[in-house]
Amino acid sequence: MAPDPISRQTARQSTWHEVCRAFHLVDRTDLTVVHEHMPSGTAAQPHTHDRGRQFFYVLAGTGTMTLGRREVQVPPESGIEVPPRTRHFMRNDGDDDLEMIVVTTPRASGTPHVRDRPLGRDRGGLVVGSHLRQTRPSDLAAVVSFEEAMDTSPFLGQGGHDWHEQALQDPDLEHWVLVDRLDRVIAFGILVGVGGGDVVEIRRMVVAPEGRGQGLGRLLLRHLLEHALAGPRVRRVWLDVSADNTRARSLYRTFGFVEKPPPPDATLLENGVYMEWGDTHRIPSSR
Ligand SMILES: CC(C)(COP(=O)(O)OP(=O)(O)OC[C@H]1O[C@@H](n2cnc3c(N)ncnc32)[C@H](O)[C@@H]1OP(=O)(O)O)[C@@H](O)C(=O)NCCC(=O)NCCS
């Protein structure tokens, strides 16, 4: 008996990455056909299929396919073939939703082979594509998760969701996130005293644990310092850092921060070291 026609409305649906939807039009061991819906700013995880050969055909929006080392734009009414054992992932950098048909033969069995890689390499040059923007309440889950990571909270003072929510309301604070090209939070930083005074404190900076050691700390610090120095009256930028936080101390030193006895107005961490930025230094680049 010939199969009945099937549509998006009648097909089995599944959801991935919370907002992306898949409508399973053909679901057989030798062939699958899926209508994928990817909202703007979403991306699949890089993966390979051992046996499955795929074809992605874009109906609406424009997809960006990373295929091995290549990156290809796939506009509407065009498609791209993905051979077996080729690392790939589709993302939607555009403003519009991406609608596409994905044909796989034979069916990709089990979980696709996903390899964990450091953030920077996985995302194709994070340092190049990322920028600073003001933190939104919806960013706080990421912010708090970075603070709670191993090798992080002992170096920080207070934190947590409520603390950050209050910080967002505080007119004396500037709360910034560093985001990648898909607006995913990869680091954050807090400045105090930027509202026209002459002293600015870099209260906190934290990079996503999986992104550390790849130059993001330098990039974030350069942005924060530029914001701190944007005030016309600013003559002192300072921070405090745990004495045993070797990584951060060496980062600050390379930027021209110098360890000094703290002035009376500075409140430090329990084992904090006071560091001040000397205006004779240029701000180093993030490389
Ligand atoms: C400290 C921190 C912000 C640095 O960010 P990062 O992305 O890891 O640092 P970068 O890759 O940009 O490296 C910048 C510099 O930091 C230093 N550094 C980085 N990793 C280091 C390590 N494992 N050991 C020693 N120094 C290190 C180096 O001086 C490096 O400069 P170089 O690349 O020229 O050698 C980040 O590691 C972090 O979030 N740590 C936890 C939170 C924290 O300690 N925050 C600071 C106190 S508020």
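The values are calculated or read from the model by the stated rules, or taken from the named source; none is laboratory data. Predicted, not measured: the structure shown is a model, and the values here were computed from it. Neighbour counts run over all protein chains shown; Cβ positions are idealised from the backbone, glycine included. For accessibility, only protein heavy atoms count, side chains too; no ligands or nucleic acids. Shrake-Rupley method; radii C 1.70, N 1.55, O 1.52, S 1.80 Å.
Determine whether the range 259-276 contains at least one residue that is basic (Lys, Arg) and in a loop (DSSP other than H, G, I, E, B). Yes, the conditions are met somewhere in the range 259-276. If you filter the range 210-267 down to residues that are of a type in the set (Gly, Ala, Ser), within 27 Å of ASP180 (Cβ to Cβ) and open to solvent by 30 Å² or more (accessible area, probe 1.4 Å), you find that the one that is farthest from the ligand (Cβ to nearest atom) is ALA230.
In the range 269-286, the count of residues that are at pLDDT below 90 and touching an Asp or Glu at 6+ places or on another chain (Cβ under 6 Å) is one or more. Note on the range 45-64: among residues that are more than 18 Å from VAL33 (Cα to Cα) and assigned to a strand (DSSP E or B), the one that is least open to solvent (accessible area, probe 1.4 Å) is THR64.
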